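J.: Before anything else, here's the structure in question.
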Amino acid sequence: MCFKKVPLLAMNFSMPTTAPGRHLLSAHVLDSPIMAHEDAEPLNIRVHVADERLLRLIVEECAKREDSVIWLDKDGQMVVQEAVDFKQCPTMDAVVPGRGRDLSTCTDIALYVMHAGARIIPLLQAPDMERYSAGCGAATARLFWHTLYPPFISNHTDVLHLMLVDHNQLLVADARLHRRMAVFLCKTRVCVELMRRHVIRMRYSGHVWLMGHTSSDPSVDVRLGTQQKELSFLHIKGTSPLRHTQQLLRCWASQPEFPRLTVVGAFTWDEVKPYGDMLNIRFLPQVFQDTPFDQAPQLLAPGQLRQLQAETPVHICPSQSEGWGHTINEARAVGAVVLTTDHPPMNEFVSKRRGPGLVLPIERLLAHRELALARYAPLDALMSEAQLCAVVEDVLQMPAQEVYERGLLARTDFLYGKAVFMARMQDLEKYLKQRAQGLQDVSHGLGLYQAAAL
């Protein structure tokens, strides 16, 4: 058999490489195949509802914290496997061990499964890692979240490594691993700005792409017409210590004439006891004095939480720091008026002008040395109960119609942001597919060239 020589493809479908220190212009750092899509078409509501149901399904499976493999088949149906199939190579794998699969992580990664063709895989032991690298090679990009796992970082330059960045989680100690990333995917504008400065300063060769992001929509499949006519407030603490919950509780305790505040989170009896006599403060799930001290605090069931989010007209989200802000964005999704911190990225969701929400003034800023991006700007914002109370007073003075209209605008903004994100994800998936096909064509061309030379 004879083979005809074919020219090797000139196009390089791996990430453009730049020698350290060559990012002379920020535009080069931001060089990206992801378009802005600010003119994105409004979402079809049926598509949005189906998308939300699938998101919940994937997140529920992922949050079981098992070392499973999760992906979508060609019909868009979720597939769950106990082990990685080394013959199946998607355009991108998201590396998330079972122990790291909390609700927030699973939501973030599930969106890349749904809209960029990613597959969730666990950590692999050395023999399986060798089989994985041999089977999928550079055709499958590798996506990391907070934690970078060295065994999954290939020494082959054709393998594309991406990191989904929470700008308030990037550690100075991981600088050596950050240098191996070809792309930093940002959810927020502040992430893009700080990562751009960091990449230039550290002389990384990686690029910074603005993807945006989205969140679950709690209003899908809840009982219709449930939003209360009387003004009430919701604060979701969850398990986070960074949401100014104590300041908010002290504010409410000092104002017994305020409407009811529902506080959702994992609390102990000692935490709720000081507010036991307050008729306008409700804790969910309820905590009782006879609860065993060694029993882990409980969380509200997802269905109950979604119903509560959908029926409460004002959500107070005074985060000290966020990488994205799912609680804030979910409040917009249900058409609530959002009160959140006047510091990025929290204030990227609302406007100081007449808009869907109100910003809470900050008292002072904090910068933690262990965080890589804190050298460029403080990442944490602190506020007092007096500042919180003042903004709540402003809301109480609003006419009911204004509260309603602000809520409608918030939901419109949420749906628009999701449409933009989905369009950008299509760009990412297209890029990854073209890159994988290009590598395959180059490999095929090289094989023909070598065979002809024999």
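The values are calculated or read from the model by the stated rules, or taken from the named source; none is laboratory data. Since this is a predicted model, take the numbers as computed values, not measurements. Heads up, the Cβs are rebuilt from the backbone with ideal geometry, glycines too, and the neighbour counts pull from every protein chain shown.
J.: Is it the case that A386 is without any contact (Cβ under 8 Å) to a residue 12 or more places away in the chain, part of a helix (DSSP H, G or I) and either in the same structural domain as S240 (by TED's automatic domain parsing) or crowded, with 20+ Cβ neighbours inside 10 Å (or both)?
T.: Working: without any contact (Cβ under 8 Å) to a residue 12 or more places away in the chain: no; part of a helix (DSSP H, G or I): yes; either in the same structural domain as S240 (by TED's automatic domain parsing) or crowded, with 20+ Cβ neighbours inside 10 Å (or both): yes.
Taking the combined requirement at face value, the residue does not satisfy it.
J.: Turning to a different aspect of this structure: Which residues, counting only those in the stretch 330-368, are basic (K, R) and modelled with pLDDT of 95 or more?
T.: Step one: filter the stretch 330-368 for residues basic (K, R), giving 332, 352-354, 364.
Within the stretch 330-368, R332, R364 qualify.
J.: Looking at this structure, is A410 crowded, with 16+ Cβ neighbours inside 10 Å and among the small types (G, A, S)?
T.: Details: crowded, with 16+ Cβ neighbours inside 10 Å: yes; among the small types (G, A, S): yes.
So A410 fits the description; yes.
J.: Among (1) touching a residue at least 40 places away in the same chain (Cβ under 8 Å); (2) buried (at least 19 other Cβ atoms within 10 Å of the Cβ); (3) in a helix (DSSP H, G or I), where does N168 come up short?
T.: (3)
J.: Just to check your reading of the model, which residue among L366, L371 is outside the structural domain of R203 (by TED's automatic domain parsing) and within 17 Å of Q246 (Cβ to Cβ)?
T.: Details: L371 fails: within 17 Å of Q246 (Cβ to Cβ).
Matching residue, one of L366, L371: L366.
J.: Quick check on the stretch 81-95: of everything there that is touching a helix residue (DSSP H, G or I) at 6+ places or on another chain (Cβ under 6 Å) and part of a strand (DSSP E or B), which residue is surrounded by the most Cβ atoms within 10 Å (Cβ to Cβ)?
T.: A94
J.: Okay, next question. When you go through T312, T327, T341 one by one, which is the residue that is crowded, with 22+ Cβ neighbours inside 10 Å and in contact with a Cys (Cβ under 6 Å, 6 or more places away or on another chain)?
T.: Of T312, T327, T341, the one residue that is crowded, with 22+ Cβ neighbours inside 10 Å and in contact with a Cys (Cβ under 6 Å, 6 or more places away or on another chain) is T327.
J.: With respect to the numbered conditions (1) touching a residue at least 60 places away in the same chain (Cβ under 8 Å); (2) under 30 Å from H178 (Cβ atoms); (3) of a type in the set (D, E, K, R), which one is the sole condition not fulfilled by R411?
T.: (2)
J.: Turning to a different aspect of this structure: Can you tell me how many residues in the stretch 254-278 are of a type in the set (A, V, I, L, M), out of contact with any helix residue (DSSP H, G or I) (no Cβ under 6 Å at 6 or more places or on another chain), closer than 22 Å to T341 by Cβ and surrounded by 17 or more Cβ atoms within 10 Å (Cβ to Cβ)?
T.: First, pick out the residues of the stretch 254-278 that are of a type in the set (A, V, I, L, M): 261, 263-264, 266, 272, 278.
Then drop every residue that is not out of contact with any helix residue (DSSP H, G or I) (no Cβ under 6 Å at 6 or more places or on another chain), which leaves 263-264, 266, 272.
Those still in the list that are closer than 22 Å to T341 by Cβ too: 263-264, 266.
With surrounded by 17 or more Cβ atoms within 10 Å (Cβ to Cβ) added as a condition, the list becomes 263-264.
Counting residues in the stretch 254-278 that are of a type in the set (A, V, I, L, M), out of contact with any helix residue (DSSP H, G or I) (no Cβ under 6 Å at 6 or more places or on another chain), closer than 22 Å to T341 by Cβ and surrounded by 17 or more Cβ atoms within 10 Å (Cβ to Cβ) gives 2.
J.: How about the stretch 177-243: which strands (runs of 3 or more DSSP E) wholly inside it have at least 3 residues that are modelled with pLDDT of 95 or more and under 14 Å from L164 (Cα atoms)? So that I can check it myself, show each step before the final result.
T.: Values: elements: 183-186, 207-210, 233-238.
By residue number, 183-186, 207-210.
J.: Filter the stretch 270-288 for residues that are more than 32 Å from the chain's Cα centre (by Cα) and either not polar (S, T, N, Q) or not assigned by TED's automatic domain parsing to the domain that holds L242 (or both) and give the result. Quick ask: steps written out before the conclusion?
T.: If we filter the stretch 270-288 for residues that are more than 32 Å from the chain's Cα centre (by Cα), which is where we start, we get 270, 273-280, 288.
Scanning the stretch 270-288 gives D270, K273, P274, Y275, G276, D277, M278, L279, F288.
J.: Same structure, new question: Of all residues in the stretch 255-308, how many are in a helix (DSSP H, G or I) and within 26 Å of V395 (Cβ to Cβ)?
T.: 9
J.: Between a first residue in the stretch 131-143 that is under 22 Å from H115 (Cβ atoms) and a second residue that is of a type outside the set (A, V, I, L, M) and assigned to a helix (DSSP H, G or I), which pairs have beta carbons less than 7 Å apart while being 6 or more apart in sequence or on different chains?
T.: Hits for this filter: A139/Q440; R142/F152; L143/Y112.
J.: Take the conditions among the charged types (D, E, K, R) and part of a loop (DSSP other than H, G, I, E, B) and apply them to E322. Does it pass?
T.: On the way: among the charged types (D, E, K, R): yes; part of a loop (DSSP other than H, G, I, E, B): yes.
Yes.
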